[in-house]
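For reference, the structure is listed below as structure tokens.
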Amino acid sequence: MKNSIHWIAGTLAALLFCAAGRSPLMAADPVFKAGFAERDITPDIGMEAPGGYGKDYHKTFHDPCKVRAAVFDDGKKRVALVGVDLLFVTRHLVKEAREEIRQRCGIAGDSVLIGASHSHSSGPIGMGEPGDFDNASDLVKELVNEKSIVSNPGFLRLLKRQIVEAVVQADGSRVDAKLAVGYGHEDKVAFNRRLRMKGGLTFSHPGAGNPEIVGYAGPIDPQVGTVGVWDLKGSLLGVVVNFACHATTNPGGISANWIWAMEKTLRGATGHAALPVVFLQGASGDITQVDNLTRFQNPGPEEWCERVGGRVGAEAFKTLLLVRQGAGRDIPLDTRQRVWHAKRRLPSAEKLKRSLELVLQGPEKAGSTEWTFAKEILLLDAAARARPEVEVEVQAIQVGPAVFISNPAEYFVQFGLDIKKGSQFPFTFPVELANGIVGYVPTEEAMGPNGGGYETRLSAYSNLEVAAGRQFADTGIRLANEMTPGKVPLPPAAPPFRAAWAYGNLPPELK
């Protein structure tokens, strides 16, 4: 009788599992799940346009700006990858959004990566953190509020809300899923904008046809990192793309920039009109769509946008056609994070004095460029008094055989290549402008005697110590290598050789 009761109880349990679409054996196994979502963060006409050092305003609309989120779950841990059509994200914004995400759906803050695309045609956001200029002089406050881009409070509230809602929605839409990872190759649309000159220095954008150019001062990263996710019926749920190129094609008006064209291409190629495409910007601090060695006239903004985004999207689609899908226990998730305070480079007393003189002269007398960067020195001095050091975060998020290694900089491409070389993962995706913003972080070489150019110029936007870039790279590599990569799915092995094809196993027949 006792054995009969045990048998009946076991049978009922099995029936309940089957009713839920799972067997008792399957119930014990972690099942990989994924969910995607997107939310609108399009700024209003009349809001400030980012990307410069002064005031500019949106006058027209081209395409929507979005937050796109992917949430992955391996049965033990959940992680979120969030791509934002924005110039950058501030540390304060990231912390607040992460805390709300934790409260709403339980995903830990160190498991949430929030990265900006660096779209120069997106919504209004300023680099300053709360309190940076509270104790500044009236002159500096005027330079901040009247002569520099500032965050729009209403837009920031929308931005934070939509980041949180996108992650919550993606988390709530999780389904059993398969995942595949691969690299595409695109080397025709991104170029290193730093070039060596005959005088020994390196210039940024010296101009096509400049007879003083010797050659490119650095490499590019042509890999198109691609992650495809399908449900168990084979329907494509979403795609994550990682590529290194400034989002500065500026097709005209408010826009996600070339990321819009990439999304459009992937949606058209897959036949999925609402396909979520999470874009995470690669190490592109010195990489743009502009080729300073071209012999031809550059295309117009709209064509340029379509060219960059179209080719990157097409390469991502081609990669999806080749990669092998994996599921279940073969897609482990893991995270690592390190937060510390990095030192700033600070202007000398003489530079401060001269900058004040230039600012007081006005841009007409001092010259627009000299006045702009003199203004930046005064802003840097004030911000550094409030925050002598800057909180920075390097994060590593594993998704199966892939790892996303983030930093808060406009990060030189050589560092991204170094990270890929040092990582033990078969697929390594550097993500810049993530979880905060510290401006340009050049290589040690770029800051040396043969360096120079725009990115090495001291400003309120770009001022971390020279060692910061190497610290980011070394930390990212170490964090990644603390984790164990998941398996890369492979096709079945070829069958043993039996015999050559009889139709073709013969010499030429001449008569």
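For every other residue with a beta carbon closer than 9 angstrom to the beta carbon of Arg336, add +1 if it is Lys or Arg and -1 if Asp or Glu, then tell me the sum.
Values: positive: Arg338, Arg478; negative: Asp110, Asp334, Glu482.
With Lys, Arg at +1 and Asp, Glu at -1, the net is -1.
Taking only C-alpha pairs under 8 Å that are 6+ residues apart, what is the relative contact order of the chain in percent?
About 17 percent, as a whole number.
Please report the antiparallel percentage of the DSSP beta bridges confined to the chain, to the nearest 5.
Roughly 75 percent of the beta bridges in the chain run antiparallel, per DSSP.
Through the Karplus equation 6.51 cos²θ - 1.76 cosθ + 1.60, θ set to phi - 60°, convert the phi angles of the range 63-74 into ³J(HN,Hα) values in whole Hz; use x for Gly and Pro.
Values, residue by residue: 7, x, 9, 9, 9, 10, 10, 10, 10, 10, 9, 9 Hz.
Going Cα to Cα from Lys264, which aspartates and glutamates come in below 17 Å? Please leave out same-chain ones fewer than 8 positions away.
Glu38, Asp40, Asp63, Asp85, Glu302, Glu303, Glu306, Glu315
I'd like to compare 128-139, 445-456, 213-224: which one has the highest average count of other Cβ atoms within 10 Å, and what's the full order after that?
Ranked by mean Cβ neighbours within 10 Å, highest first: 213-224, 445-456, 128-139.
What does the charge dipole of the chain about its Cα centre add up to, to the nearest 20 debye, if the Cβ of each Lys and Arg holds +1 and the Cβ of each Asp and Glu holds -1? Display every interim value, and only then the final one.
Working: 57 positive and 56 negative charges, 269 e Å.
Using only the charged Cβ atoms, the result is roughly 1300 debye.
Can you find, among Ser459, Leu143, Gly422, the residue sitting farthest towards the positive end of the charge dipole of the chain, where Lys and Arg contribute +1 and Asp and Glu -1 at Cβ?
Gly422
With 10 Å bins from zero, work out the P(r) of the range 297-388 over every alpha carbon pair and list the percent per bin.
The calculated distribution, bin by bin, is 12, 19, 14, 22, 21, 10, 2.
What is the Å³ per residue value for the convex hull set by the Cα atoms of the range 85-140? List each step's numbers first, then the result.
Values: hull volume 5.8 nm³, N = 56.
Here the figure is 103 Å³ per residue.
Going by average Cβ density within 10 Å per residue, which order do the peptides 292-300, 366-374 take, highest to lowest?
366-374, 292-300
Round to the nearest 0.05 the FRET efficiency obtained for Arg338 and Arg457 when R0 = 22 Å and r is the Cβ-Cβ distance.
0.20
Computed FRET efficiency, Cβ-Cβ of Lys95 and Glu509, R0 56 Å: what is it to the nearest 0.05?
After rounding, the FRET efficiency stands at 0.15.
For the cross-link pairs Lys95/Lys420; Lys147/Lys343; Lys233/Lys318; Lys77/Lys188, which exceed 31 Å when the distance is taken from alpha carbon to alpha carbon?
Listed pairs above 31 Å: Lys77/Lys188.
List the residues whose amide H sits under 5 Å from the amide H of Val431, counting only those 5 or more places along or on another chain, with H placed 1.01 Å from N in the peptide plane.
Counting only residues 5 or more places away or on other chains, the set is Ile405, Ser406, Asn407.
Ordered by residue, what ³J(HN,Hα) values in Hz, to whole numbers, does the range 344-360 give under the Karplus form 6.51 cos²θ - 1.76 cosθ + 1.60, where θ = phi - 60° and Gly and Pro are x?
Per residue, the Karplus-derived 3J(HN,Hα) values read 9, 8, 10, x, 6, 4, 5, 5, 5, 4, 5, 5, 5, 4, 5, 4, 5 Hz.
Okay, helix-only estimate at 222 nm for the chain: each DSSP H run of n ≥ 4 adds -39500 (n - 2.57), divide by all residues, round to 500 deg cm²/dmol; what do you get? Write out the running numbers ahead of the final one.
Details: 12 runs with 162 residues, N = 511.
Estimated from H runs of four or more residues: -10000 deg cm²/dmol.
Let's test this: bin the Cα-Cα distances of the range 316-451 at 10 Å from zero up to the farthest pair and state each bin's percent.
Percent of Cα pairs in each bin: 10, 26, 28, 17, 11, 6, 1.
Working out 0.36 nm times the residue gap between Ser137 and Asp474, then minus their Cα-Cα distance, what length gain in nm do you get to one decimal?
Numbers: separation 337, 0.36 × 337 = 121.32 nm, distance 3.88 nm.
This chain segment gains 117.4 nm when fully extended.
Residues with amide H under 5 Å of Thr335's amide H, sequence separation 5 or more or different chain, H placed in the peptide plane at 1.01 Å from N; which?
When sequence neighbours closer than 5 places are left aside, the close amide H contacts are Gln398.
Tell me, in nm to one decimal, what length is gained between Arg387 and Leu321 on full extension, where the rule is 0.36 nm per residue of separation less the Cα-Cα distance? Intermediate values should be presented prior to the final figure.
Working: separation 66, 0.36 × 66 = 23.76 nm, distance 4.88 nm.
Using 0.36 nm per residue and subtracting the Cα-Cα distance, I get 18.9 nm.
Return one number: the angle in degrees, 0 to 90 and rounded to the nearest 10, between the long axis of the Cα atoms of helix 258-270 and the longest principal axis of the Cα atoms of the chain.
Rounded to the nearest ten degrees, it is 20.
Taking the Cα centre of each part, how many Å lie between the range 273-289 and the range 415-469?
So the separation of the two Cα centres works out to 17 Å.
I need to check one value: relative contact order of the range 328-431, counting alpha carbon pairs closer than 8 Å and at least 6 residues apart, in percent.
Relative contact order comes out at 31 percent.
Just to confirm the number: angle between the C-alpha axis of helix 368-386 and the first principal axis of the chain, 0 to 90 degrees, nearest 10?
70
Scan around Leu237 for amide H atoms under 5 Å from its own, H built in the peptide plane at 1.01 Å from N, and keep only partners 5 or more places away or cross-chain.
Amide H neighbours of Leu237, under 5 Å, 5+ apart: Val229, Trp230, Asp231.
Please turn the phi angles of the range 307-321 into ³J(HN,Hα) values with the Karplus equation 6.51 cos²θ - 1.76 cosθ + 1.60 (θ = phi - 60°), one per residue in order, whole Hz, x for glycine and proline.
5, 5, x, x, 6, 5, x, 5, 5, 5, 5, 4, 5, 4, 6
Using the Kirkwood formula on the Cα atoms of the chain, what hydrodynamic radius do you get, in angstrom to one decimal?
Values: mean 1/r = 0.0409 Å⁻¹.
Kirkwood hydrodynamic radius for the chain: 24.5 Å.
Any idea how far the Cα center of the range 122-140 sits from the one of the range 150-174, in Å?
One Cα centre to the other: 22 Å.
Helix 413-422 versus the longest principal axis of the chain: what is the Cα-based angle in degrees, 0 to 90, to the nearest 10?
Rounded to the nearest ten degrees, it is 30.
Every number here is computed from the coordinates shown, using simple stated rules; none is lab data. These numbers come from a predicted model, not from an experiment. Neighbour counts are summed over all protein chains in view; Cβ atoms, including those assigned to glycine, are modelled from backbone coordinates with ideal geometry.
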